[in-house]
Amino acid sequence: MKYEPRNTTAEHDDDEMLMIEANIDDCQGEWMGYTMEKLLSSGANDVYFTPIIMKKNRPAYKLSVLAHQSKLPKLTQIIFTETTSFGIRHYPVTCHRIERKFEQVHTPWGAVNIKIGRHLGEIVQLSPEYEDCRRIALQFHLPLGTIYQQAIDRFQQNHMVPREEK
């Protein structure tokens, strides 16, 4: 997937979100991975599975899908057609989102996009884009962690503000 930088998004509360859940048993693992891909490509913000034990001691998974409420009909259809679930539950959730900004840094091996998260104006998160780091790691036969660290180091070097001497 090609990285497309987005505009800065201000810190805010999003109160139009839903958590959609389903308990799933008797479903092949490959189907669950496929379902996750379909849910994400259909507008889900986040999708994850949690191992659970259902009645009669049956191992199963709880599917959790975070999405805007407008996506409920489409995501429900995917869950029912792609899994063995016989029911879903959904409830409103409020998500507090920190400010997000994207910036590019240059490492010795190439450019890496970094997502910068600010809370109350202060940088609290730096997240190099996985696909950029993966591409460089494979191309130069380097550990993925080396690329991540180099990208963060470059960002910090470019944004260091000299401290005043006391």
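The values are calculated or read from the model by the stated rules, or taken from the named source; none is laboratory data. Keep in mind it's a predicted model, so treat the numbers as computed, not measured. What goes into the accessible areas is simple: the full protein's heavy atoms, side chains included, and nothing from ligands, DNA or RNA. Shrake-Rupley method; radii C 1.70, N 1.55, O 1.52, S 1.80 Å.
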Compute a Gaussian network model of the chain, connecting alpha carbons closer than 10 Å, and tell me which residue from M19, M36, M54 fluctuates the most. M54
The chain, helix-only ellipticity at 222 nm - DSSP H runs n ≥ 4, -39,500 (n - 2.57), divided by all residues, nearest 500: -9500 deg cm²/dmol
Pairs on different chains or at least eight residues apart, Cα atoms closer than 23 Å: how many lysine pairs in the range 9-166 fit? 6
For the chain, the per residue accessible area (1.4 Å probe, Å²) is 67 Å²
Full extension between L66 and Q139 adds, at 0.36 nm per residue less the Cα distance, a length in nm of 22.8 nm
Roughly speaking, to the nearest percent, how much of the range 15-68's 1.4 Å accessible area is carbon and sulfur? 51 percent
Wrap a convex hull around the Cα atoms of the range 91-146, take a quarter of its surface area, and give that in square nanometres. 5.4 nm²
D (Stokes-Einstein, µm²/s), Kirkwood Cα radius, the chain, 1.002 mPa s at 20 °C: 114 µm²/s
Highest GNM mean-square fluctuation, the chain, Cα pairs closer than 10 Å: which of E30, E129, E16? E30
Can you give the log10 of the normalised intensity I(q)/I(0) at q = 0.13, 0.15, 0.16 Å⁻¹, computed with Debye over equal Cα scatterers of the range 72-166? -0.68, -0.76, -0.79
